[in-house]
1. So, Ile198, is that one among the β-branched types (Val, Ile, Thr), at pLDDT 80 or above and under 18 Å from the mean Cα position of the chain (by Cα) or not?
2. Of everything in segment 123-153, what is open to solvent by 50 Å² or more (accessible area, probe 1.4 Å) and charged (D, E, K, R)? Give them in sequence order.
3. Do you know which of the residues in segment 163-180 that are surrounded by fewer than 16 Cβ atoms within 10 Å (Cβ to Cβ) and assigned to a helix (DSSP H, G or I) is modelled with the highest pLDDT?
4. Across segment 10-33, what is the total count of residues that are farther than 20 Å from Ala119 by Cα and either aromatic (Phe, Trp, Tyr) or open to solvent by 100 Å² or more (accessible area, probe 1.4 Å) (or both)?
5. Which is under 30 Å from Ala140 (Cα atoms) and open to solvent by 70 Å² or more (accessible area, probe 1.4 Å), of Glu71, Glu7, Glu83?
6. Restricting to helices (runs of 4 or more DSSP H) lying wholly in segment 1-61: which have 3 or more residues that are closer than 25 Å to Asp121 by Cβ?
7. Within segment 110-118, is even one residue more than 15 Å from the chain's Cα centre (by Cα) and open to solvent by less than 60 Å² (accessible area, probe 1.4 Å)?
8. Taking interchain pairs and intrachain pairs at least six residues apart, which have beta carbon atoms under 7 angstrom, with the first residue in segment 18-32 and free of Cβ contacts under 8 Å to residues at least 60 places away in the same chain and the second open to solvent by less than 10 Å² (accessible area, probe 1.4 Å)?
Amino acid sequence: MKGPDRETRERLLRAAERLFADHGFKHVTVRDICRTARANVAAVNYHFGDKLGLYREVLQSAIDRMRATNEAAREAGTGQTAEEQLRRYLTIFLSRLLASGNDTVHKLVTRELNDPTPALDDLIEQGIRPRFEFLSALVADIMGCEPTDRRVLRCVASIQTQSLAYIPNAIGERLWLTARPTAAHVQEVARHIADFSIAGIHAVARNL
């Protein structure tokens with residue numbers, strides 16, 4: 001691809017990512033994207049086929065970042081106990097989730113989950129399902145049961161929900177729950193969620 005075409009394509013992707021994250025797929029037009037990207041209105045069709053093709057590529061970028069986080073967490077815990085793997089997963093997941101600039105990715109994923117498009121299956125199969133399967137295996141190991149046990153799935157949901165609660169937002173800031181993340185803040189939160197979750201998993205296991 002020639003230089004000008006490549007630059008136009010990148011501008012379209014950057015503009016679309018911001019607009020889709022802020023307004024959702026259905027409320028953004030091709031004209032909106034091209035105006036923001038300073039591109040001809042035909043550029044979206046030329047580079048991506050149509051608006052959905054552009055959206056799929058934008059969402060795929062978010063999915064790729066999710067997959068990279070999943071892989072980093074797996075590698076960090078190689079050879080460790082299930083509890084230690086969970087601790088390392090939480091540290092890596094939170095450090096990336098709360099990193100500056102990642103709010104756009106979270107907005108994109110949240111909008112897709114709340115108002116699905118034909119790209120939802122890609123998000124689930126490539127990004128979300130592998131993460132839940134990894135966490136389910138860890139929790140099942142700690143509990144001593146099958147990963148498909150509904151109590152395991154509820155524990156995984158609890159772990160994920162605790163993590164998402166720390167994404168900076170207006171309500172959390174007013175309740176002193178969230179803060180602009182620093183490395184020390186991330187470590188503190190990851191340690192708390194791990195301690196709380198592992199104790200909870202063991203409590204659930206005692207009632208098996």
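1. Details: among the β-branched types (Val, Ile, Thr): yes; at pLDDT 80 or above: yes; under 18 Å from the mean Cα position of the chain (by Cα): no.
In short, no.
2. Scanning segment 123-153 gives Glu125, Arg129, Glu133, Asp141, Glu146, Arg150, Arg151.
3. Leu164
4. 1
5. Details: Glu7 fails: under 30 Å from Ala140 (Cα atoms); Glu83 fails: open to solvent by 70 Å² or more (accessible area, probe 1.4 Å).
One residue alone meets the criteria, Glu71.
6. 3-23, 43-48
7. yes
8. Leu19/Val28; Leu19/Ile33; Val28/Phe20; Val30/Val44
The values are calculated or read from the model by the stated rules, or taken from the named source; none is laboratory data. Every value quoted in this text rests on a predicted model; they were computed, and no experiment measured them. Here the Cβ is made from the backbone with ideal geometry for all residues, glycine too, and neighbour counts use every protein chain on show. Only protein heavy atoms, including side chains, enter the accessible area calculation; ligands, DNA and RNA are left aside. Shrake-Rupley method; radii C 1.70, N 1.55, O 1.52, S 1.80 Å.
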